[in-house]
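Accompanying notes for the structure given below.
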Amino acid sequence: MKVRNLQELQDIFNIRYEKIKNKTLLIEDELKQIDEFFKTEGKNIYRPDIIDFLSNNDIVPNSVFNTHWIYPPTGYFPYFKYYYEGYVYEEIEHQLPESKATDKFTQNEMASYLEGVKPVRLQAIELAKYTIWLKELKINPSVKAPISKSNLSLKQRILALHYLGLDFNKYNQTALGDVLSLVIDKNDSNTRTAINELLSAKNENKIKSNENLLKMLEVFDNKAYTNIKLKINNDLEKFGVPD
């Protein structure tokens, strides 16, 4: 089971949230999806390949439930609900039980079983955080998904300079790479590679990936950058493909 953290869940939701006018309705629809998820006890009634196809082609409204990874494996829903409710109501991150042997299971069997519970627990807690954020966003639309505390990657820094208006074609790429590597504190060879990707029609999608473009929307999340955000959204339409 693949685990998506709060930041990733927010990023998926924000792909559509940033583009539409009736934002409150989208929030309500997403909260209804969460309610339906628990009413059906986490049973994914759709084939994973169909759900991924619909999501990747933007045929249905963007939702964290449009991809099959959010659903826990068969038999694990009670654990998912336990950890979810522990956080959503009390903000308690319940811990995994100890992997001690029982009358029915050896210690190794218990340890193996708990390995399966571990990602279920993590995803449940992250979904609870996401639910709380959605409810806060509904009350106060000015609440935004925070920019990740981790530093921007090299490619993201190059993209930020690009959207700020730096004309990379105006300078010798080798010389520019040498200077920028000092400015952004990154390796000069890798910096030149990132610049080449930006300027290459064939490789532009490598730097303008879905992840990097979503990060740019966070970086330029200010009314002063309306025109820049329009450019980023246009690039998302061209290059970005939701997971």
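Which whole-Hz ³J(HN,Hα) couplings does segment 76-91 yield from phi under the Karplus relation 6.51 cos²θ - 1.76 cosθ + 1.60, θ = phi - 60°, glycine and proline marked x?
Those phi angles translate into 9, 4, x, 5, 4, 5, 4, 6, 4, 5, x, 8, 5, 9, 10, 6 Hz.
Taking 30 Å as R0, compute the FRET efficiency from the Cβ-Cβ separation of ASN203 and THR226 and round it to 0.05.
FRET efficiency, ASN203 to THR226: 0.55.
Residue by residue through segment 123-131, which ³J(HN,Hα) values in whole Hz follow from phi under the Karplus form 6.51 cos²θ - 1.76 cosθ + 1.60 (θ = phi - 60°), with glycine and proline marked x?
3J(HN,Hα) across segment 123-131, in whole Hz: 5, 5, 5, 5, 5, 5, 4, 5, 4.
How large is ³J(HN,Hα) for each residue in segment 215-220, as worked out from phi by the Karplus curve 6.51 cos²θ - 1.76 cosθ + 1.60 (θ = phi - 60°), to whole Hz, x for Gly and Pro?
Going residue by residue, I get 5, 5, 4, 6, 4, 9 Hz, with x marking Gly and Pro.
Hey, any idea what % of segment 100-200's accessible area is carbon plus sulfur with a 1.4 Å probe?
The nonpolar share, carbon plus sulfur, comes to 52 percent.
Could you report segment 106-233's accessible area per residue, 1.4 Å probe, as an integer in Å²?
So segment 106-233 comes to 55 Å² accessible per residue, rounded to a whole number.
Averaging sequence separations of C-alpha pairs under 8 Å and six or more residues apart, then dividing by the length of segment 173-243, give the relative contact order as a whole percent.
Dividing the mean separation by the residue count of segment 173-243 yields 24 percent.
So what does ARG16 come to for accessible area, using a 1.4 Å probe and Å² rounded to 10?
Counting only protein heavy atoms, ARG16 exposes about 80 Å² to solvent.
Of LYS186/LYS229; LYS2/LYS129; LYS215/LYS238; LYS2/LYS238; LYS32/LYS215; LYS118/LYS138, which ones are farther than 19 Å apart at the Cα?
LYS186/LYS229; LYS2/LYS238; LYS32/LYS215; LYS118/LYS138
By how many nm would the segment from ASN140 to LYS2 lengthen if fully extended, with 0.36 nm per residue of separation less the alpha-carbon distance?
Result for the pair: 46.6 nm of gain on full extension.
Where does each of 76-84, 178-186, 134-142 land if you order them by average Cβ count within 10 Å, highest first?
With the highest mean Cβ count within 10 Å placed first, the list reads 76-84, 178-186, 134-142.
Would you kindly state how much longer the chain becomes between GLU18 and HIS94 on full extension, computed as 0.36 nm times their sequence separation minus their alpha carbon distance, in nm to one decimal?
24.0 nm
To the nearest Å, what is the center-to-center distance of segment 1-37 and segment 104-119, using C-alpha atoms only?
33 Å
Rounded to two decimal places and with Rh computed the Kirkwood way over Cα pairs, what is Rg over Rh for segment 82-202?
1.25
The values are calculated or read from the model by the stated rules, or taken from the named source; none is laboratory data. Nothing here was measured: the structure is a model prediction, and the numbers come from that model. Don't worry about glycine lacking a Cβ; one is built from the backbone with ideal geometry, like all the others, and counts go over all protein chains shown. Ligands, DNA and RNA are stripped out before the accessible areas are found, and what is left, the full protein with its side chains, is counted by its heavy atoms. Shrake-Rupley method; radii C 1.70, N 1.55, O 1.52, S 1.80 Å.
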